[in-house]
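The values are calculated or read from the model by the stated rules, or taken from the named source; none is laboratory data. Owing to the predicted nature of the structure, the values given are computational and were not obtained by experimental measurement. Cβ atoms come from the backbone with ideal geometry, glycine included; neighbour counts cover every protein chain shown.
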């Protein structure tokens with residue numbers, strides 16, 4: 001992603017390649033080209049470009065992709081630390097398990 | 001399907017369907033629409049800038065026309081309809097509490113459940129013969145395509161990130177190029193986010209004004225109120241420069257500023273603000289501050305700019321929660337410490353006279 005890369009070695013993205021059927025839906029929803037498909041299976045190509053939005057995990061029918069999805073927002077972290085309730089806007093961190101509906 | 005959907009200013013006529021009357025929506029943005037967008041960008045009324053959820057028509061759709069799904073934030077709604085002039089399609093507006101697609105999807109508000117519910121309540125099944133929906137790609141965090149299929153029978157097709165690519169996407173048989181699937185964060189995209197950040201920062205800083213004026217009166221030569229005005233107002237100016245550094249300069253220069261962490265990126269603009277305020281006192285007012293006071297500014301202003309820069313993560317398009325937490329663990333104590341020490345030095349510089 002060139003100059004728009006964030007911190008290194010920090011995201012919670014995981015992929016169980018044995019569960020992956022190569023349907024490729026995760027590739028369609030990822031906004032930063034983190035995943036690629038090769039030989040019928042998907043793998044993580046640009047891990048540090050992941051923003052943990054959770055779209056891939058949400059859309060994996062096999063539960064092969066998992067991530068602790070959350071909004072990368074400093075204000076949300078502060079609000080949660082101060083015990084504030086969330087609103088319809090994104091400014092609180094909700095406790096999110098690995099996203100794998 | 002409430003009556004109020006038809007009463008909205010962008011509705012131009014009604015089209016009759018097996019599910020009843022559906023409002024037809026204009027694809028042309030009027031001055032009031034553009035003014036509404038402008039106000040929202042400046043944090044005026046943006047938390048209640050909505051459109052009624054439900055089914056709408058674009059152009060002259062029939063039972064084979066595509067169904068586009070969107071959020072009920074009016075800015076989103078406007079940016080979509082203005083990009084599809086000439087297209088015959090149905091528009092299913094979900095109730096996202098007036099929040100845009102990506103934020104609502106991240107929260108789960110623009111989610112599988114709301115989509116399935118809105119399909120049912122709108123009577124969409126009676127309106128189209130096919131069972132396909134085109135969703136914006138950034139609905140991905142909230143909508144599980146395979147679950148929507150199970151629960152409603154409708155197949156979700158993820159369209160492009162940008163509404164401006166939608167016509168081309170549809171024209172090429174619902175095919176997206178790799179570029180259509182990338183969320184960019186170019187200069188204009190960053191710039192339009194600045195007014196809200198700036199207004200929010202200034203609103204919060206307004207509380208600091210009386211505090212700084214009172215603290216400015218402490219110590220030094222001259223009477224309390226003379227100093228309060230003189231030093232206090234100067235301090236307010238300095239804070240405003242720091243706010244500009246963190247909330248305006250940092251977003252504009254984002255990719256070119258050193259550091260990956262946003263709190264780090266705010267430092268160079270913050271240090272520049274400190275340099276500027278000292279230079280203003282020295283060259284313009286002719287009174288160079290002492291070393292202690294200079295240190296005070298060089299601690300307070302970068303701390304504030306760094307904090308505001310860090311807050312920009314929430315408006316950005318590529319920061320992860322894990323990354324934000326990591327940078328905050330280091331940055332926040334430093335920001336608090338730096339600001340507190342800087343404030344102490346600023347007041348202290350006038351006490352040791």
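Hey, could you check the range A:63-78 for residues that are within 23 Å of residue A:18 (Cα to Cα) and surrounded by fewer than 24 Cβ atoms within 10 Å (Cβ to Cβ) and say which is nearest to the other protein chains (Cβ to nearest Cβ)? Break it down into steps so the answer makes sense when it comes.
Taking the range A:63-78 as the starting set, the residues that turn out to be within 23 Å of residue A:18 (Cα to Cα) are A:63-69.
Going one step further and asking which of them are surrounded by fewer than 24 Cβ atoms within 10 Å (Cβ to Cβ), we end up with A:63-64, A:66, A:68.
Working: A:63: 11, A:64: 13, A:66: 13, A:68: 7 Å.
Out of the qualifying residues, it is A:68.
Checking the conditions here, which among A:26, A:60 is assigned to a loop (DSSP other than H, G, I, E, B), over 26 Å from residue B:187 (Cβ atoms) and more than 7 Å from chain B (Cβ to nearest Cβ)? Spell out how you get there, then give the answer.
Working: A:26 fails: assigned to a loop (DSSP other than H, G, I, E, B).
That would be A:60, the only listed residue that is assigned to a loop (DSSP other than H, G, I, E, B), over 26 Å from residue B:187 (Cβ atoms) and more than 7 Å from chain B (Cβ to nearest Cβ).
Being free of Cβ contacts under 8 Å to residues at least 60 places away in the same chain and under 20 Å from residue A:51 (Cβ atoms) is the filter here, so list the residues in the range B:166-187 that pass it.
Across the range B:166-187, the qualifying residues are B:176, B:178, B:179, B:180, B:181, B:182, B:186.
Would the range B:41-63 turn up any residue that is at pLDDT 95 or above, touching a strand residue (DSSP E or B) at 6+ places or on another chain (Cβ under 7 Å), assigned to a strand (DSSP E or B) and within 18 Å of residue B:152 (Cα to Cα)?
Checked the range B:41-63: at least one residue is at pLDDT 95 or above, touching a strand residue (DSSP E or B) at 6+ places or on another chain (Cβ under 7 Å), assigned to a strand (DSSP E or B) and within 18 Å of residue B:152 (Cα to Cα).
Take the range B:127-143 and flag every residue that is without any contact (Cβ under 8 Å) to a residue 60 or more places away in the chain and buried (at least 24 other Cβ atoms within 10 Å of the Cβ).
Looking only at the range B:127-143, we keep the residues that are without any contact (Cβ under 8 Å) to a residue 60 or more places away in the chain, and these are B:131, B:137-138, B:140-143.
Once the filter is applied, which keeps residues that are without any contact (Cβ under 8 Å) to a residue 60 or more places away in the chain and buried (at least 24 other Cβ atoms within 10 Å of the Cβ), the range B:127-143 yields B:137, B:138, B:140, B:141, B:142, B:143.
Look through the range B:6-19, keep the residues that are outside any loop (DSSP other than H, G, I, E, B) and at pLDDT 95 or above, and return whichever of them is surrounded by the most Cβ atoms within 10 Å (Cβ to Cβ).
So the residue we want is B:17.
Just name the residue that is nearest to the other protein chains (Cβ to nearest Cβ) out of those in the range B:97-120 that are part of a helix (DSSP H, G or I) and in contact with a strand residue (DSSP E or B) (Cβ under 8 Å, 6 or more places away or on another chain).
Among those that are part of a helix (DSSP H, G or I) and in contact with a strand residue (DSSP E or B) (Cβ under 8 Å, 6 or more places away or on another chain), it is B:104.
For the structure I just gave you, tell me whether residue B:151 is assigned to a helix (DSSP H, G or I) and away from chain A (no Cβ under 11 Å). Before the answer, list the steps.
On the way: assigned to a helix (DSSP H, G or I): yes; away from chain A (no Cβ under 11 Å): yes.
The answer is yes for residue B:151.
Among the residues of the range B:70-91, which ones are surrounded by 22 or more Cβ atoms within 10 Å (Cβ to Cβ), part of a strand (DSSP E or B) and more than 14 Å from chain A (Cβ to nearest Cβ)?
Within the range B:70-91, B:70, B:90, B:91 qualify.
Please enumerate the residues belonging to the range A:29-57 that are in contact with a strand residue (DSSP E or B) (Cβ under 6 Å, 6 or more places away or on another chain) and more than 7 Å from every other protein chain (Cβ to nearest Cβ). Give the derivation first.
In the first step, residues of the range A:29-57 are kept if they are in contact with a strand residue (DSSP E or B) (Cβ under 6 Å, 6 or more places away or on another chain); the result is A:29, A:35, A:42, A:44-45, A:56-57.
If the condition is that a residue be in contact with a strand residue (DSSP E or B) (Cβ under 6 Å, 6 or more places away or on another chain) and more than 7 Å from every other protein chain (Cβ to nearest Cβ), then A:35, A:42, A:44, A:45, A:56, A:57 are the ones that fit.
All but one of (1) surrounded by 18 or more Cβ atoms within 10 Å (Cβ to Cβ); (2) assigned by TED's automatic domain parsing to the domain that holds residue B:68 hold for residue B:212; which doesn't?
Residue B:212 satisfies all of (1) surrounded by 18 or more Cβ atoms within 10 Å (Cβ to Cβ); (2) assigned by TED's automatic domain parsing to the domain that holds residue B:68 except (2).
Could you please give the count of residues in the range A:1-26 that are in contact with a helix residue (DSSP H, G or I) (Cβ under 8 Å, 6 or more places away or on another chain), within 19 Å of residue B:183 (Cα to Cα) and modelled with pLDDT of 95 or more?
Adding up the residues that qualify gives 6.
Being out of contact with any strand residue (DSSP E or B) (no Cβ under 6 Å at 6 or more places or on another chain) and more than 14 Å from chain A (Cβ to nearest Cβ) is true for just one of B:193, B:233. Which residue is that? Explain how you work it out, then say what you get.
Values: B:193 fails: more than 14 Å from chain A (Cβ to nearest Cβ).
From the options B:193, B:233, the qualifying one is B:233.
Can you find a residue in the range A:79-98 that is more than 25 Å from residue B:326 (Cβ to Cβ) and either at pLDDT 90 or above or within 8 Å of chain B (Cβ to nearest Cβ) (or both)?
Yes: the range A:79-98 contains one or more residues that are more than 25 Å from residue B:326 (Cβ to Cβ) and either at pLDDT 90 or above or within 8 Å of chain B (Cβ to nearest Cβ) (or both).
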